[in-house]
Amino acid sequence: MPAEMDELHIYKAGLCRPAPPRGPLTGARASLKSGVSADVPLKGDSLVSGQAHGWNVMNSGRRYSLTICLVGVLVAAFAGLTASPISAAGGCVFPDLSQPFHSFSDANSYFLAPGGSFEGDANGWTMTGGAGLAAGNEDLYVGSPTDQTSLAMPTKTTAVTTPTICVTSDAPTFRMFLKNNGNNGKSDGQLAVYLNFTGADGKAQQVKIAALISKKPGWTLSPKISFIQYISTPLKSGYAQISFTFKPNDTHGNWQVDDVYVDPYKSG
């Protein structure tokens with residue numbers, strides 16, 4: 001079973017009436033149950049700064065309208081227990097949900113990012129500088145016991161970007177497995193994580209949201225990496241199309257990544 005990651009630094013770089021999303025994080029240092037620490041400064045290393053907040057839908061004040069609304073909520077709730085893929089507010093349709101990290105005391109429901117198991121051809125992923133698929137799966141096999149491959153970023157020149165992912169203000173975090181095999185006799189490298197989105201001006205923007213460090217050998221599970229605080233302006237429409245880019249920060253990393261999952265329902 002993979003060990004929990006020993007260190008992480010994160011840098012800022014009613015159903016009829018959904019509750020507003022949580023606002024931007026302020027300066028703090030929190031110790032998580034897994035022993036992972038997270039530094040979240042008020043101002044940080046963002047390449048482009050994001051703003052805050054989501055969407056709202058009003059309902060009718062009439063009694064029969066409220067009754068219809070409540071019946072609709074109950075129907076949707078029961079349907080959500082069995083139907084998949086799951087339709088979300090704002091136009092997103094989420095894939096099947098599971099609890100892949102339950103053995104890590106994380107009972108949240110997640111969906112697998114498109115191609116995020118790296119089995120097959122990783123269709124939609126952009127890989128540059130020598131990045132590609134490699135033999136060796138994370139050793140908990142949370143996706144399937146037959147999984148065999150992962151994503152490899154062996155040098156600093158590599159970079160990988162996910163396919164586009166639709167999210168709402170209820171999709172606060174993602175997690176993944178990673179492993180640093182070391183380079184140049186060192187294994188203290190950082191893996192940078194960037195968020196890509198379209199800003200209010202219609203231009204592509206990128207924010208560095210995390211720098212991951214794993215000093216233990218073998219596969220480790222990342223902490224929950226938050227991102228919605230950077231895309232509040234795009235989320236005013238109810239949803240946003242985003243992607244993530246992974247890139248080694250230095251020459252001390254020979255990285256593998258596997259099983260990238262997104263939490264769509266603010267479940268933890």
query = Once you put a point 7 Å from the Cα of A200 and another 7 Å from the Cα of N181, both along the Cβ direction, what distance in nm separates them?
reply = 4.6 nm
ask   = Rounded if a/c is under 1.5, else prolate if a/b is larger than b/c, else oblate: which is the range 84-211, with a ≥ b ≥ c the root eigenvalues of its Cα gyration tensor?
value = oblate
query = Put +1 on the Cβ of every Lys and Arg and -1 on every Asp and Glu Cβ in the range 138-218; which of G143, P172, Q205 then has its Cα farthest towards the positive end of the dipole?
reply = Q205
request  = Can you tell me the order of 122-135, 213-226 when each peptide is scored by its average per-residue count of other Cβ atoms within 10 angstrom, highest first?
outcome  = 213-226, 122-135
Greater than 24 Å apart at Cα, pairs in K179/K266; K186/K247; K156/K266; K156/K179; K216/K266; K156/K186 = K179/K266; K156/K266; K216/K266
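Throughout, read-outs are computed from the coordinates displayed, never taken from laboratory work. Because the structure is a prediction, the values reported are computed rather than measured. Here Cβ is always computed from backbone atoms with ideal geometry, including for glycine, and neighbour counts include all displayed protein chains.
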